[in-house]
Amino acid sequence: MRTHKIKILSGLLALAVVPAIAAAASAQTATVAKAQAPDMVPFLVNGDGKTLYVVKSENGKSSCDAKCMESLEPLLTKDRPLGQMVLPGLLGTVDKNGAKQVTYRGQPLFTFKQDAKAGDFKGQGYQNAVYVMSAMGEAEVPTAPVAEAGPVTPEVLAAGKALFASNCAACHGANGEGAFGTKLQGFARLSNGPAVARTILAGMNSMPGFAATLSDEQVAAISTFVRNSWGNEFGAVSAEQVKTVR
Amino acid sequence: MKLNSLITALSAALALTAGAAHAQVENYRPVTDKETLSPAPEDWLMWRRTVDNQAYSPLDSINTKNVGDLRMEWSWNLPVYGLQEAAPLVRDGVMFLGLNQGIVQALNAVTGELLWEYRQKLPEFTGGYHGAQANRQRNNIVLYQDKVILTTPDSKLVALDAATGKMVWEHQVLDWEKGYSFTAGPLAIDGKIFTGTSGCSIAGTAGGCFITAHDAATGKELWRLNTIGGPEVDGTWGGLAQENRWGGSPWITGSYDPKRKTLYWGVGMPLPYPAVLRGSADGAALYTNSTLAIDAETGKVKWHYQHLPRDDWDLDSPFERVLVESEIAPTKGEVSYMSKNVKPGQKYDVIVSVPGKYGTVFVLDRDTGELLWARDTAYQNVIKGFTDEGKAITNTELFAKSIGETVTVCGGRDLGKLWMAGAYSPLTNAFYVPVSESCKDLTPQVIEVRKGESVGAQASGKAHFAPGQDTTGRVYAVDVKSGKLLWVQKQAPIFTSSVMTTGGGLVFTGDSMREFAAWDQKDGKKLWDVKLNTTIGGHPTTYSVNGKQYVAVVTGANAQTPVAASLSPELKKVVNGGNALFVFALPDAKK
């Protein structure tokens, strides 16, 4: 008998809750996850793997007009959005006609209606107003392509070696063997040249940044040196490439 | 004679080969629970010698009167370099060394002769982080029953036969590929082994960091306690889902109270370090930066005390919890907090600790977790004060309000209290604790969260001397009863080894400029010192064989040295590497 009663009760509860869910425009707890794809910086997707976009604004005004906005679907959430491989503090919400739209680093997120599946980027650059949201929280506005860095030269390696000895070796070891700092011999992440340069410029955790003290050429030389020493063979990084991440 | 009967010594001509046992310890006497709780004065069975983490040896042959005659007895080159955080253990004249990369050696403690060596087979670490963890294996072994219990950088618990160095069993505690590791060794008592996880800063560890209990006979897990998830703490993370929380590494071995059957274990900081990127709003983020009193049978938290709620600066709070019985009568003007409930003249079972990098001493009641008194050592500006009930008040004015905003925090980030543990002496009722004193520029930094990497998300900039100071190395001698400082040693070289106290009235310390020294516990007068090959490291220990007392210390790099050297360039004049072990004794009496 007791079981029967509970069943009825829960049935009533469910009925009472249904209208409320409908009113919230079918929003569930949204997920924002980091994703990767060829020829794209690490970017954000929703729980279905669909690319997330931001609308670029100029002088505080959206550059996406009403017609442009029709192509976008705000990413709504029932409550606090859940992150996957993103910094949770970058996630927030903003009021969207009584519902909650997910923001990342303060910028409202959208999917693009014509994107049918994970990996579609049909909204990228739409109306020069809609761009993929990067994992760093920046609209991925295409820039002029940067030339390949070219071959590793002995001159750059020598310059990088000297700079490494005076700036890096105290923590990473004279031969990149690591101690206080990360071991750089065979360190797989050095394969990402721009990421290496960005880390040297901005620092990471206990590692200080060198943006104030090292030029693009010097950062390029150190990046090239660590990527091509002690058995590493990841190729050169150019000063021009460093400039794009400074 | 006793030693000879216990050890089958083979010729030193034996070639070293990985994993090979060269000789075996004959008639190894298993360590009983009784001995774990009350070890023979001759032995040093775990990192801080006893389960109360006091690091006090009653041996007194070497004492304030004769320590000036101390001289080297033997030395030993260690087979692996990296940071030096090891603790030489001794049982019946056999020394056991738990070293970086999961290498364990057994040596004749009188001659240094190698008896056996064990090398844990490790996966190839390519991500950078685990390689670094493997090179900072701290006190990674404990002697219990007939085994050496080892923790490994790839998150395993391993039991070796103490007599032969052969593996008896191994147990994978957590998935190292998510980022979990061990740097600190286990605690073993009452048929159980307890571990504290390291590495919960790493992306893949989101949602859980653990203290675990295992059956000492098999390694089988008995319970696990999540330090950042569960109904008791879920409401303290500002609405963050469990899978969006990081940190809470209990990465220093806890202490044990046999009367209460309670573990006292410290828990580290939350991540990302700055709240603006962590997303925990004004939540305290439990159990980060807390002392946990844990029922050893069930793993249930009896009480917690949070030393630094809402940490915004990676100031951690896992460091050694030392169990002491003392009268408590804090002196006004000396302490920054004193409980109104303290009854003068009454003896208390307390926990004495400098739990976090910022150097504040906390004395807690072991039954209730009540704060009895607190005081600063190094200059700090992160704890603003305490409520009437003794809750710590974090200085939220020092929070970075936005990404890219730099704050200068005097709290020892990268150069403060670290794993180098303090020691207690019952002779003086004082706690002797090494701390580096400094300030640091910190800036919240947006990062791409990547597999195998930390989610700290804070740039650590320039270090500064604390206001009015021109050095960073400190040892504070703190009277447990009154909170007064008996003495303070200040110097430019940072103290890079743990501290040890002995029944001979001595305090042993080691620094980054190669000095290993003995001080008088009473007044801090330096009575003996020696310069060794490189930075002094690890945990000094003392033991006795055939009535002769020895002092052992290891050398090798310390994680804080580069930051200290950025302030005091003369500290660069030491060559890292060359990790070694040195053993000292008094000259034998002339026959």
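Structure summary
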{"read-out": "Output for the range A:178-194, where each listed residue is within 8 Å of another protein chain (Cβ to nearest Cβ) and surrounded by fewer than 19 Cβ atoms within 10 Å (Cβ to Cβ)", "value": "A:Gly186, A:Ala188, A:Arg189"}
{"read-out": "Out of B:Val352, B:Val363, B:Val342, sole residue that is among the β-branched types (Val, Ile, Thr) and part of a loop (DSSP other than H, G, I, E, B)", "value": "B:Val342"}
{"read-out": "Whichever residue in the range A:149-171 is free of Cβ contacts under 8 Å to residues at least 40 places away in the same chain and either acidic (Asp, Glu) or within 11 Å of another protein chain (Cβ to nearest Cβ) (or both) and, among such residues, is surrounded by the fewest Cβ atoms within 10 Å (Cβ to Cβ)", "value": "A:Glu155"}
{"read-out": "Residue count, the range B:178-200 (criterion: buried (at least 24 other Cβ atoms within 10 Å of the Cβ) and free of Cβ contacts under 8 Å to residues at least 60 places away in the same chain)", "value": "6"}
{"read-out": "Matching residues, the range B:187-236, being in contact with a Leu (Cβ under 7 Å, 6 or more places away or on another chain) and in a loop (DSSP other than H, G, I, E, B)", "value": "B:Thr197, B:Ser201, B:Gly219, B:Val233"}
{"read-out": "Residue check for A:Gly119: under 16 Å from the mean Cα position of the chain (by Cα) and either assigned to a loop (DSSP other than H, G, I, E, B) or over 30 Å from B:Val276 (Cα atoms) (or both)", "value": "yes"}
{"read-out": "Test: residue in the range B:98-113 that is in a loop (DSSP other than H, G, I, E, B), of a type in the set (S, T, N, Q) and under 23 Å from B:Glu453 (Cα atoms)", "value": "no"}
{"read-out": "The range B:461-499, subset of a type in the set (Gly, Ala, Ser) and under 23 Å from the mean Cα position of the chain (by Cα), residue surrounded by the most Cβ atoms within 10 Å (Cβ to Cβ)", "value": "B:Ser498"}
{"read-out": "Residue tally, condition closer than 29 Å to B:Glu453 by Cα and surrounded by fewer than 19 Cβ atoms within 10 Å (Cβ to Cβ), over the range A:67-91", "value": "2"}
{"read-out": "The listed residue being at positive phi, buried (at least 19 other Cβ atoms within 10 Å of the Cβ) and within 22 Å of the chain's Cα centre (by Cα), out of B:Asp365, B:Asp414", "value": "B:Asp414"}
{"read-out": "Condition met for A:Gly106 (loosely packed, with under 15 Cβ neighbours inside 10 Å and within 13 Å of chain B (Cβ to nearest Cβ))", "value": "yes"}
{"read-out": "Filter result for the condition that a residue is within 17 Å of the chain's Cα centre (by Cα), small (Gly, Ala, Ser), farther than 23 Å from B:Pro272 by Cα and buried (at least 24 other Cβ atoms within 10 Å of the Cβ), over B:Ser353, B:Ser317", "value": "B:Ser353"}
{"read-out": "Residues within the range B:421-462 that are touching an Asp or Glu at 6+ places or on another chain (Cβ under 8 Å), among the small types (Gly, Ala, Ser) and at the interface with chain A (Cβ under 9 Å from one of its Cβ atoms), tallied", "value": "3"}
{"read-out": "Pair list, Cβ < 7 Å and 6+ apart or interchain, from the range B:476-497 residues that are modelled with pLDDT under 95 to residues that are surrounded by fewer than 18 Cβ atoms within 10 Å (Cβ to Cβ) and of a type in the set (Phe, Trp, Tyr)", "value": "none"}
{"read-out": "Residue satisfying condition, being within 14 Å of another protein chain (Cβ to nearest Cβ), in contact with a strand residue (DSSP E or B) (Cβ under 8 Å, 6 or more places away or on another chain) and among the charged types (D, E, K, R), within set B:Glu42, B:Glu85, B:Glu113", "value": "B:Glu85"}
{"read-out": "Verdict on A:Val146 being in contact with a strand residue (DSSP E or B) (Cβ under 9 Å, 6 or more places away or on another chain) and either farther than 30 Å from B:Asn100 by Cα or within 14 Å of chain B (Cβ to nearest Cβ) (or both)", "value": "no"}
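The values are calculated or read from the model by the stated rules, or taken from the named source; none is laboratory data. Keep in mind that this is a model prediction, so the values were computed, not measured. Counting neighbours? That spans all protein chains shown, and the Cβs are built from the backbone with ideal geometry, glycine included.
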